């Protein structure tokens, strides 16, 4: 059975953030990676948009929910993104006024506990309000389907930053071994968009730490452009990421990559070689290059074979 068929059988809404108040709050947040669910769906295929509309319709039909203790429900292993405290606070404000009108989705474990497929932010909000029980719908999902539903539910969350989408796709790709084309077919998002999201994984670790602390400030376009510059300007890429974190526009930060570094490279120390008083060659080293410029083409040809032997001898050590 396809993912769509399974989704249409789920009798409760899967989105953790499904209130008017929460969506309104999401629209006011900063960052190109942030957008409400309705805008996010513009990137989805027709089939995926149809699925999302079915989910909205299913929210109006709670199905056969049961009420169980919150403390016997654990996070599932497939949640790739961290908890969003702002999202929890907005849910808590709504739940305080209206109560839980949409059950969460869990699956039963052999030891009598339950594992959350969708609803972990709702659980945290209820606990924040001092609640000890909540409404859930129990489904018998295997690991793969539970992961797929968790993955897709996360993608539909309003204001989900592109960095969190990357975490979801990266986790799903790693666990399932699926190609970008297969992930595209499964999620409904285009292959180019998924490729852009996965570009976050090519950024330096130091830069990813900054992005993780400010995920709403960075979009997939920035990640893709910055990733192409990492090999030659890794330090500048990290600095550009930091500039965005303190308020610089992403486009301006991207334009700054390589500028200062190229200026320093021009002033980098060089070694001049002479034969007597006559210039012979000049050696210049940039970050990943050693360049020898000879005064005579024949000398360059003669030295080339010696350099090749030197490199091969070095590789043998």
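FYI, it's all coordinate maths here, none of it is from the lab. Note that the coordinates shown come from a computational prediction; the quantities given were computed from them, not determined experimentally. Quick reminder, even Gly has a Cβ in these numbers, built from the backbone with ideal geometry, and neighbours come from all protein chains shown.
Listing for the model above:
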| item | result |
| --- | --- |
| Residues 166, 152, 141 arranged by fewest to most Cβ contacts within 10 Å | 141, 152, 166 |
| Region 80-139-region 164-208 distance, computed between alpha-carbon centres (Å) | 27 |
| Surface/4 of the Cα convex hull for region 270-316, nm² | 3.8 |
| At R0 = 22 Å, FRET efficiency that the Cβ-Cβ distance of residue 311 and residue 232 yields, to 0.05 | 0.60 |
| Relative packing of peptides 92-98, 184-190 - highest average C-beta neighbours within 10 Å first | 184-190, 92-98 |
| Region 179-260, Cα convex hull volume normalised per residue, Å³ | 93 |
| Which of 149, 193 has the fewest Cβ neighbours within 10 Å, and the rest in rising order | 193, 149 |
| Residue exposure sequence - 180, 257 - by fewest surrounding Cβ within 10 Å | 180, 257 |
| More than 17 Å apart - percent of Cα-Cα pairs taken over region 101-185 | 55 |
